[in-house]
Ligand SMILES: Cc1ncc(COP(=O)(O)O)c(C=O)c1O
């Protein structure tokens, strides 16, 4: 019998990793790589963060897992810690296991709460690979064969097109406040505020996919805080538990009021061990020092990037897109930097490289990146 092989959906990088710590990967041959990829925006408190490991081990050793049939202290602790990061207002959270699932649940809530079927989503969007999440993602990203909802796709930043497409049939406008996969495209001035107005006018839900941008990534707890616009629903995942699988769908209490019981559910979502990790992350992110450090490291990283063949740096905090100079691709930059001991990400735009390191990146590490960029 042939041995089991994995479906070859991911191209793999030629790094033989022996251990990880903070923003560094140690290879089997002893070389150390500066990791500005952060497990694809996941390692919020750093790889193998000792405080996270301790919180996880302690919880596992006391009560490892309980189903959603039970109340438990780690859930209460998480709701308190995470709740402290939210914009003013009354919110309710639903806990699941991934970004796709969090978005799927957000869409289900928006459709159920409004009794409508249609969603405005954006060119370049990425919201996940399950049915509804993939239906609102950009069509170029291999959508699910059939879509469970009606989608009106609009160019990023085109407020006039959104206005023209919004009427009483609209359930939601769904977007990443910063489009990451598309090449870290930030919202044009006034765009998020304009979307908020449109949703208010037609009674649709404004939904932010903060799968990447929450957990302090932009230098404040949420991108919603950074841009000063509060959605009706938002989701997060990736860095929220610092390396364990989690999805969080946060719904304004006004919208959640009349949802049917049993609309959402999950076996693993909200388990004690993952929530012990997520509470440790939320408590760290809540500190103003932590947020200030993300902003300072983000500025240092952007300045370091400008020492290389880059014509624009965009993004916020520690989510940065580097637009390469003419004739150089993000993939070429990644290969050249790997030879110099630095790992960066690419994006769907071949000319844009992405940096989303652990939020514990130091200014000194950012300068190391600058030296590598200057040597190209
Ligand atoms: C903005 C955004 N939304 C949703 C997802 C899907 O998350 P997951 O892979 O955890 O399902 C991703 C994953 O990269 C993402 O970047």
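How do the helices (runs of 4 or more DSSP H) wholly within the stretch 31-129 filter down when requiring 3 or more residues that are within 16 Å of the ligand (Cβ to nearest atom), in contact with a strand residue (DSSP E or B) (Cβ under 9 Å, 6 or more places away or on another chain) and more than 23 Å from residue 260 (Cα to Cα): which remain?
Qualifying helices (runs of 4 or more DSSP H): 38-41.
Only one of (1) free of Cβ contacts under 8 Å to residues at least 24 places away in the same chain; (2) within 16 Å of the ligand (Cβ to nearest atom) is not met by residue 200, so which one is it?
(2)
Sort out which residues of the stretch 4-30 are surrounded by 18 or more Cβ atoms within 10 Å (Cβ to Cβ) and in a loop (DSSP other than H, G, I, E, B), and write them in order of number.
Scanning the stretch 4-30 gives a single hit, 23.
Could you list, in sequence order, the residues of the stretch 323-335 that are within 22 Å of residue 28 (Cβ to Cβ) and in contact with a strand residue (DSSP E or B) (Cβ under 9 Å, 6 or more places away or on another chain)?
334
Among the residues of the stretch 120-133, which ones are on the phi < 0 side of the Ramachandran plot and touching a helix residue (DSSP H, G or I) at 6+ places or on another chain (Cβ under 7 Å)?
Within the stretch 120-133, 120, 126, 127, 129, 130, 132, 133 qualify.
Considering 214, 205, 189, which residue is buried (at least 19 other Cβ atoms within 10 Å of the Cβ), more than 23 Å from residue 41 (Cβ to Cβ) and outside the structural domain of residue 322 (by TED's automatic domain parsing)? Give the steps one after another, and end with the answer.
On the way: 214 fails: more than 23 Å from residue 41 (Cβ to Cβ); 189 fails: buried (at least 19 other Cβ atoms within 10 Å of the Cβ).
Criteria check complete, one pass: 205.
Can you name the residue in the stretch 134-154 that is within 15 Å of the ligand (Cβ to nearest atom), in contact (Cβ under 8 Å) with a residue 24 or more places away in the chain and in contact with a strand residue (DSSP E or B) (Cβ under 9 Å, 6 or more places away or on another chain) and is also nearest to residue 205 (Cα to Cα) among such residues?
Among them, the one singled out is 136.
For the stretch 244-268, how many residues meet the condition of being within 16 Å of residue 100 (Cα to Cα) and assigned to a loop (DSSP other than H, G, I, E, B)?
Number satisfying all stated conditions: 8.
Return yes or no: is residue 219 away from the ligand (no atom under 16 Å from the Cβ), at pLDDT 95 or above and crowded, with 20+ Cβ neighbours inside 10 Å?
Judged against the criteria, residue 219 is a match.
Could you tell me whether the stretch 267-278 includes any residue that is assigned by TED's automatic domain parsing to the domain that holds residue 82 and touching a strand residue (DSSP E or B) at 6+ places or on another chain (Cβ under 7 Å)?
yes
When residue 184 is evaluated against the numbered criteria (1) in contact with a helix residue (DSSP H, G or I) (Cβ under 9 Å, 6 or more places away or on another chain); (2) within 16 Å of the ligand (Cβ to nearest atom), which criterion, by number, is the only one it fails?
(1)
May I ask you to list the residues in the stretch 222-247 that are more than 15 Å from the ligand (Cβ to nearest atom) and either touching a residue at least 40 places away in the same chain (Cβ under 8 Å) or crowded, with 19+ Cβ neighbours inside 10 Å (or both)?
225, 226, 227, 229, 230, 232
How many residues, within the stretch 24-52, are within 17 Å of residue 353 (Cβ to Cβ) and under 17 Å from the mean Cα position of the chain (by Cα)? Even if it seems obvious, please write down each step before you answer.
Kept after step one, since they are within 17 Å of residue 353 (Cβ to Cβ), are these residues of the stretch 24-52: 33-41.
Then keep just the ones that are under 17 Å from the mean Cα position of the chain (by Cα); that gives 36-41.
Summing the residues that are within 17 Å of residue 353 (Cβ to Cβ) and under 17 Å from the mean Cα position of the chain (by Cα) in the stretch 24-52 gives 6.
Residue 194 passes all but one of (1) over 29 Å from residue 312 (Cβ atoms); (2) more than 16 Å from the ligand (Cβ to nearest atom); which number fails?
(1)
With the structure loaded, tell me whether residue 205 is farther than 23 Å from residue 96 by Cβ and away from the ligand (no atom under 14 Å from the Cβ) or whether it fails that test.
Against the criterion (farther than 23 Å from residue 96 by Cβ and away from the ligand (no atom under 14 Å from the Cβ)), residue 205 does not qualify.
The values are calculated or read from the model by the stated rules, or taken from the named source; none is laboratory data. Note that the structure is a prediction, hence the values are computed from the model and not measured. Glycine gets a Cβ as well: all are built from the backbone with ideal geometry, and neighbour counts include every protein chain shown.
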